[in-house]
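Visitor: Structure in structure tokens, see below.
The values are calculated or read from the model by the stated rules, or taken from the named source; none is laboratory data. Source: prediction; values computed, not measured. FYI the Cβ positions are ideal-geometry reconstructions off the backbone, even for glycines, and counts take in every protein chain you see. We work out accessible area using only protein heavy atoms, side chains counted, and drop any ligands, DNA or RNA first. Shrake-Rupley method; radii C 1.70, N 1.55, O 1.52, S 1.80 Å.
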Amino acid sequence: MQVKCAVCEKDFTPHLSFQTQKEGDNILYFCSQICLLQYKTSKKVKCSVCGNEFFLSKVFQREEVGFNTYFYCSLACRDRQSGAQETRTRVRKIAVMNQKGGTGKTTTAVNLASGIAEKGIKTLLVDMDPQGSVGVSLGVRSDKTIADFLMNRIALTDCTIPVRKDLDVITSNEKLSMMEFEFVRDDPNAFRMREKFSNITDYKYIVVDCPPSMSYLGRAVLNFCNEIIIPVSCDYLSFMGTQNIIKSINHINEFLKRDIVVTGILPTFFDIRNRISHLILQDLQKNFQDKCLSPVRINTRLREAPIHRMSIFEYAPDSHGAEDYNLLVEKVLHYQ
Ligand SMILES: Nc1ncnc2c1ncn2[C@@H]1O[C@H](COP(=O)(O)OP(=O)(O)O)[C@@H](O)[C@H]1O
Ligand SMILES: [Mg+2]
Ligand SMILES: [Zn+2]
Ligand SMILES: [Zn+2]
């Protein structure tokens, strides 16, 4: 039996219990856990072109230009709108986030941003983790950090450091965790991140590395970004893959003050010889369908690259790590 997903409108055959939900007298179908969460936690938006109401489930459905946000129910509506304004800049702001530590967030943020930049696309990598691993990984140090910028002490151009062709970085340090205390904690917009970055036109992509907690900083990032990639480690001894990730997304949705599109769940630390890894991957694929990206294998080169202050593409371009992260880069660039 083919049914239509209530959120993304994809046709599919339900075979998992969560995919069929009773709502009063109606039965609703959801192709993936993400569509189900999207339905429960977010509201419909209105297409800026045809007025149709729909759930945000795809990246192309939202476009931010300066302070304005446009919504498109379909590719046809988007093309009708942007055909007229071909020259305006689209900025994709992608958070790499999971409240667990050690799931490959920094590795993913650094290599995703580096990989996009290597294709000649202007990219900004922002470190929002007070541990400051991004700068360390790429061999940049600066005492002008994201905290100074968010505290209005310096201009954006003073803290963006060109590190490679088409790649700029804003570093972070422990000052960022200190400023967390100075701010109103229950207002995720207290940093005014979105406003502060809104006149940026130089970059097509902004990739944000997040701290391993759903702290104030994490919420500020969610308030700023419009997409999220969630790296999930496949190496847990317990079979907890899906439960953990649903908990993470639930957590994120709880704090969500605006609609975010989940670009993908990225299985990391995939060990091809380990049965648990395969079980977790299957579980993720079953529950997240096409939102589950292809896995990043465990690869020693990925661990070594930051020690040499390089991206995986510079350090070991022929490694499995480079192959897997290149797939991610391609997927993100062609994601709709
Ligand atoms: N696929 C991988 N294979 C091997 N080591 C990895 C892989 N991904 C990340 N690492 C290493 O694991 C550690 C934790 O990764 P990291 O990206 O810092 O996680 P997080 O930012 O989520 O805490 C780092 O030492 C990193 O180099
Ligand atoms: Mg990290
Ligand atoms: Zn769906
Ligand atoms: Zn429309």
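Visitor: If I filter the range 270-289 for residues that are assigned to a helix (DSSP H, G or I), in contact with a strand residue (DSSP E or B) (Cβ under 7 Å, 6 or more places away or on another chain) and at pLDDT below 85, do I get at least one hit?
Guide: The answer is no, given that none of the residues of the range 270-289 is assigned to a helix (DSSP H, G or I), in contact with a strand residue (DSSP E or B) (Cβ under 7 Å, 6 or more places away or on another chain) and at pLDDT below 85.
Visitor: Taking only the range 266-308 into account, find how many residues are in contact (Cβ under 8 Å) with a residue 60 or more places away in the chain, charged (D, E, K, R) and open to solvent by less than 30 Å² (accessible area, probe 1.4 Å).
Guide: 1
Visitor: Quick one: how many residues across the range 15-34 are away from ligand 3 (no atom under 11 Å from the Cβ), surrounded by 10 or more Cβ atoms within 10 Å (Cβ to Cβ) and not aliphatic (A, V, I, L, M)?
Guide: Of the residues in that region, 3 qualify.
Visitor: Sticking with this one: For the range 1-119, list the helices (runs of 4 or more DSSP H) that sit wholly inside it and hold at least 1 residues that are more than 16 Å from ligand 4 (Cβ to nearest atom); which are they?
Guide: 33-41, 105-118
Visitor: Could you tell me which residue of the range 119-163 is most open to solvent (accessible area, probe 1.4 Å), considering only residues that are among the acidic types (Asp, Glu) and over 22 Å from the mean Cα position of the chain (by Cα)?
Guide: So, considering only residues that are among the acidic types (Asp, Glu) and over 22 Å from the mean Cα position of the chain (by Cα), the one most open to solvent (accessible area, probe 1.4 Å) is 143.
Visitor: Restricting to the range 39-48, give me the number of residues that are in contact with a strand residue (DSSP E or B) (Cβ under 8 Å, 6 or more places away or on another chain) and buried (at least 17 other Cβ atoms within 10 Å of the Cβ).
Guide: 4
Visitor: Which ones in the range 201-232 are within 16 Å of ligand 1 (Cβ to nearest atom) and outside any loop (DSSP other than H, G, I, E, B)?
Guide: Passing the criteria: 207, 208, 209, 217, 218, 221, 228, 229, 230, 231, 232.
Visitor: Here is a list of conditions, (1) open to solvent by less than 10 Å² (accessible area, probe 1.4 Å); (2) within 16 Å of ligand 1 (Cβ to nearest atom), and residue 116 meets all of them except one; can you say which number that is?
Guide: (2)
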